[in-house]
Amino acid sequence: MLRHHDIRTIVRRAAGLLAAACVLAPAAASAQSGDPIKIGYGIALTGPLAPNGKSALLAQKIWEEDINAGGGLLGRPVKLIYYDDQSNPATVPGIYTKLLDVDKVDLISGPYGTNSVAPAMPVAMQRNKLLIGLLALAINSEFKYPRYFSMTPNGPNPKVAITKGFFDIAVAQNPKPQTVAIVGADAEFSRNAADGARESANGAGLKIVYDKSYPPNTTDFAPIVRAIQAANPDIVAICSYPADTAGMVRAVNEIGFKPRMIGGGMVGLQSTAFKTQLGPLLNGFFTFDFWLPVPKMNFPGIAEVMSKYQARAPAEGVDPLGYFLAPHGYAQLQVLGQAVAATKSLNDDKLADYIRATTFKTVLGDVKFGPDGEWAQSRVLQVQFQGIKGNDIGQFKNISTQVIVTPAEFKSGEVIYPYEKAK
């Protein structure tokens, strides 16, 4: 039975590793013997990233159960060990140091979020450990660490990928927008996403009329929105983390700011808690996403995993739909498990070499890694919120409220433009 402890006490023994291929309906379990294979990681269970972190954790527990029901890994049971990183990057190095030095885990896995994966990297690098990050943006563009891989489907140009669909949609409109504002928090994710937005804006020939960041602890976004409004941009690219995402959406609605398009890189809007909290205030906003239950994304095994997840979510107190992080939490461990099974090894170098050379079969479809450990091809969705009425959760099971507008192979509906028409 896993026990959760606050990071300040950091007192919990833990374990865990990964398991084999995407076995979703395991056959009769083979005999398991010996000590469990342990994998350790930090995950946000409190703080602003907790709604997504807890969703990922439930999916990871389901993976652990599926693997052990199928006989474990390398003839041994698998056990996950995790600590709450409190959505605070400062806690992360201590968590990973403890996992390796005190808990003696066999392998480590990446936490959730750019701002948490970044401080885990130096520990992994110092110990020459494999690290598969759970949704992190362009972490390895600076480190160039050969044992790092990302479960975020950003592709070889990750900074651009988050808002590329937003700009692709904008420049396809008639008349084409001419000016853009770029705004985001002064934090790792937002800085990286804003860098990509600038590259896209310049490539599209858009004039940047506002380009500023705000402190991560900002709570009053009305002055920021008024400043953007005063610059009179045609479109606004927002690169924000959950708490500021909600603040920006509310401020835009309260002030009545109506550019032609707005959003693009807003973390948090993928979470059911934020969707139900903000409700109709979201109409017209764009943001990125990675998976939604549209027919074109019904990859082998995903329906079974999501059914298990949604059946348990109410009792676990996590995101009841789990569209955003549950598939990635499960697939993250599938990749590691398949690598361990194929190499018959827990050696980090052997595992990294195998992961670099292999296409993995996961609940997210085929996953192949390319330069810097990013996905070889981008598969970032751009979604527009449409037709939301009230705050009932049921309407978010209906994908018509969250329309995939790009890329074309996953498109589920048409853009409403300009923003004002979607209100």
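When the stretch 64-115 is examined, which residues are found to be surrounded by fewer than 19 Cβ atoms within 10 Å (Cβ to Cβ) and under 20 Å from LYS54 (Cβ atoms)?
Once the filter is applied, which keeps residues that are surrounded by fewer than 19 Cβ atoms within 10 Å (Cβ to Cβ) and under 20 Å from LYS54 (Cβ atoms), the stretch 64-115 yields GLU65, ASN88.
Restricting the search to the stretch 304-355, which residues are in contact (Cβ under 8 Å) with a residue 60 or more places away in the chain, surrounded by fewer than 24 Cβ atoms within 10 Å (Cβ to Cβ) and of a type in the set (D, E, K, R)?
GLU304, LYS308, ARG312, GLU316, LYS344, ASP348, ASP349 - these are the residues of the stretch 304-355 that are in contact (Cβ under 8 Å) with a residue 60 or more places away in the chain, surrounded by fewer than 24 Cβ atoms within 10 Å (Cβ to Cβ) and of a type in the set (D, E, K, R).
Which of the residues that make up the stretch 243-267 are surrounded by fewer than 24 Cβ atoms within 10 Å (Cβ to Cβ) and on the phi < 0 side of the Ramachandran plot? Break it down into steps so the answer makes sense when it comes.
Taking the stretch 243-267 first, the residues surrounded by fewer than 24 Cβ atoms within 10 Å (Cβ to Cβ) are 243, 246-247, 250-251, 253-260.
The answer is ALA243, ALA246, GLY247, ARG250, ALA251, ASN253, GLU254, ILE255, PHE257, LYS258, PRO259, ARG260.
In the stretch 271-303, what residues are surrounded by fewer than 22 Cβ atoms within 10 Å (Cβ to Cβ), touching a helix residue (DSSP H, G or I) at 6+ places or on another chain (Cβ under 7 Å) and farther than 20 Å from ALA246 by Cα?
LEU292, PRO293, VAL294, LYS296, MET297
Quick check on the stretch 104-112. Is at least one of its residues of a type in the set (Val, Ile, Thr) and not in a loop (DSSP other than H, G, I, E, B)? Steps first, answer last, please.
Here is the first cut: in the stretch 104-112, the residues of a type in the set (Val, Ile, Thr) are 105, 108.
When the remaining residues are screened for being not in a loop (DSSP other than H, G, I, E, B), the result is 108.
Yes, some residue in the stretch 104-112 is of a type in the set (Val, Ile, Thr) and not in a loop (DSSP other than H, G, I, E, B).
Run down ALA138, ALA124, ALA120 and say which single residue is surrounded by fewer than 24 Cβ atoms within 10 Å (Cβ to Cβ) and either at pLDDT below 95 or of a type in the set (A, V, I, L, M) (or both).
Just one listed residue meets the conditions, ALA124.
Being more than 27 Å from CYS239 (Cβ to Cβ) and in the same structural domain as LEU80 (by TED's automatic domain parsing) is true for just one of LEU325, LEU336, LEU321. Which residue is that? Steps first, answer last, please.
On the way: LEU325 fails: more than 27 Å from CYS239 (Cβ to Cβ); LEU321 fails: more than 27 Å from CYS239 (Cβ to Cβ).
Result of the check over LEU325, LEU336, LEU321: LEU336.
Condition first: closer than 15 Å to GLY264 by Cβ and touching a Pro at 6+ places or on another chain (Cβ under 8 Å). Now tell me which residues in the stretch 191-219 satisfy that.
ASN192, GLY196, LEU206, TYR210
Among the residues of the stretch 42-52, count how many are buried (at least 24 other Cβ atoms within 10 Å of the Cβ) and either at pLDDT 95 or above or at positive phi (or both).
Initially, the stretch 42-52 is screened for residues buried (at least 24 other Cβ atoms within 10 Å of the Cβ), giving 42-44, 49, 52.
Imposing the further condition that a residue be either at pLDDT 95 or above or at positive phi (or both) reduces the set to 42-44.
Count: 3.
The values are calculated or read from the model by the stated rules, or taken from the named source; none is laboratory data. None of the values given here were measured: they were computed from a predicted structure. So basically every Cβ, Gly included, is an ideal-geometry build from the backbone, and we count neighbours across all protein chains shown.
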